1. Given an 8 Å cut-off on Cα distances and at least 6 residues of separation, report the relative contact order of the stretch 60-314 as a percent.
2. Using a 7 Å offset from Cα along Cα-Cβ at His144, what residues in the stretch 375-389 end up with backbone N under 11 Å from the label point?
3. With both bridge residues required to lie in the stretch 60-314, what share of the DSSP beta bridges run antiparallel, to the nearest 5%?
4. Using the beta-carbon distance between Lys131 and Thr297 and R0 = 35 Å, what value does 1/(1 + (r/R0)^6) give for FRET efficiency, to the nearest 0.05?
5. Once you charge only the Cβ atoms, +1 for Lys and Arg and -1 for Asp and Glu, what is the size of the charge dipole of the stretch 60-314 about its Cα centre, to the nearest 20 debye?
6. So which lysines pass the test for Lys246, namely a Cα distance under 24 Å, with those fewer than 8 places away in the same chain ruled out?
7. Rounded to the nearest 500, what is the 222 nm mean residue ellipticity of the chain from helices alone, with -39500 (n - 2.57) per DSSP H run of 4+ residues and division by all residues?
8. Hey, what do the phi angles of the stretch 138-147 turn into as Karplus ³J(HN,Hα) couplings, whole Hz, using 6.51/-1.76/1.60 and θ = phi - 60°, x for Gly and Pro?
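Just so it is clear, none of the values below were taken in a lab; they were calculated from the coordinates. Because the structure is a prediction, the values reported are computed rather than measured. With ideal geometry, Cβ positions are generated from the backbone for all residues, glycine too; neighbour counts draw on all protein chains shown.
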Amino acid sequence: MSLSNRTETDKVTGAAVCNEPEIDWKALRADFPILSRKMNGHPLTYLDNAATTQKPQVVIDAIKEYFETYNANIHRGAYKLSEQATYAYEEAHRKTAQFIHAPGIENIIFTRNCTEAINLVAYSYGRSQLKTGDHILLSQMEHHSNLVPWQLLAEEKNLILDFLPILPDGNLDLAQLPHLLSGRTKLVSVTHASNVLGSINPVREIIRQAHNAGAVVLLDGAQSVPHFPVDVQDLDCDFMAFSGHKMLAPTGSGALYGKQELLEKMPPFLAGGDMISDVTFQRSTWHNLPWKFEAGTPAIAEGIGFGAAIDYLNRIGMENIWRHEQHLTEYAMKQLTEWPDVKIYGPKGNRTGVISFAIDDIHPHDIATFLDQYGVAIRAGHHCAQPLMKLLKVVATARASFYFYNSNEDIDRFIDALDKTRKFFKK
Ligand code: 7TS
C-alpha cells in the first residue's frame, strides 16, 4: 500500500495539522501484480473494470493464507481451525456491512455474484410477496441480471413489468416516474449506475416516490458500490445487490443487503445444510440471519478475500477513489470528444468511468481486437443489455471502464491505440 501522510504545522499555533492522506496513485499500482504484465509486447492497459477488477497482492495473500494455514469448513464448532475460518468469514460480512453502512451482519448475505443476489430477491421476496396483477418497475438501462429474473417471476406469477424510459442524453426520464408508479407497483428494481452509459441514477428520488406508492426498492449496485461511497441506510433502499469481484475481491464473491424486517419475512432461497435451526422428517425451522440465506458450504476463501478487498479500499478511502476516477474519466473524455468520428453514449456529466463509444464505420469488435494488439483491454459487445442496445440502435458498443489503479498513461496508451485504429480502418 502506498499511502503517505503529509504532516504540516499550523502557521499560528505551530500544532501539527494532519491533512488528508496524499495518495501516490502510481506507486499503488505495484500492489497489483498483474499490472506489470506485458501483453502483445506492450504494457498491459486493463480497461475492462466494469466486467471485473484486478486483485491486489493483499487479497491474493488472504486467500493463500486461508488455504495454507486455517482451511476448514465454517460453523462446525469444536476445533480451532474451524473457529478461525468461521471468525474470518463472519468478519468479512461485518466489514461488508460497515462498507455500505448497513446496521449489521444480519443484513448481509454473501452470494456468488450480483446476479445471484438479485435472483435471491426475485425468488424469495418475489415469490412470497407478489400476487397476480402486481407490477414491477424496472428501467430501460438494466443489465440482463436485473431483467431476466423478473421476467421469469412475471411469467410464473402473472405480473406486469413496467420500464422507466431513458432520455436521449442517457439519463432516466424521472418525469415519467409518477405516471408509472401506482398502487399496483409492489417492487422497483433499478441500477444505481449503468454498466453501458455510465449514468448515475437519481435513486434517492426514485426510492422516495416508490416508497410513497408502497413499493419496495432494490438497487443494483454492481457499478456503484465499487466506485463511490454508498450508504444504504441514508438512501433508504430495501435491498442492494453488488459484486465483490468488481471491487478487487475474488470471482465467486458478491453480496445482498436487505432490511432486516424484509429478510425476516422472506422464505429461504436455497435449502440444505447450515441454513436450518431444527430439522425433523417433516419440517424445519431456519437459522438466524444472514445464515438462513447461505445454504451449504459457502465460498469461504472468496468471502475472506472479499473482506481483505474491503480493508484495502478503506485504506485508500472511497471518497479518494471516486475523485481519482472522476479525474481519469474527464481526462479520457476530453481527448475522445475531440474526434468527430467518435460517438460517446451516455450523459456528459454526473457519470462514472464507464465510457461506451462507437467509431464511424468500424465494428466495435474490430476496435477491441485492434486495441488488444497494443495491450489495451476493452470490452466490445452488448454488455448484457440487449434491450438498451436496441434503443441505442446498435448491436454493440466498444467500452472502456476505469478503476482507481488506472493512470493517465493508461489513458494515453488507449487514446494512442484508438487513433491508430481510426487511421488503419480509414485507409
Ligand atoms: N448489474 C450490473 C449493472 C452489472 O454491470 C453487472 C455485470 C451485473 C449486474 C452482474 O454482475 P455479476 O457479478 O453477477 O456478473 N456487468 C458486466 C459488464 O458490464 N461486463 O461484464 C459484466
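1. 25 percent
2. Those under the cut-off are 382-387.
3. Bridges in the stretch 60-314 that DSSP calls antiparallel: roughly 45 percent.
4. 0.50
5. For this selection, approximately 480 debye.
6. Lys26, Lys38, Lys55, Lys64, Lys95, Lys259, Lys348
7. Per the formula, -10000 deg cm²/dmol.
8. 10, 10, 6, 10, 6, 5, 3, 4, 10, 9
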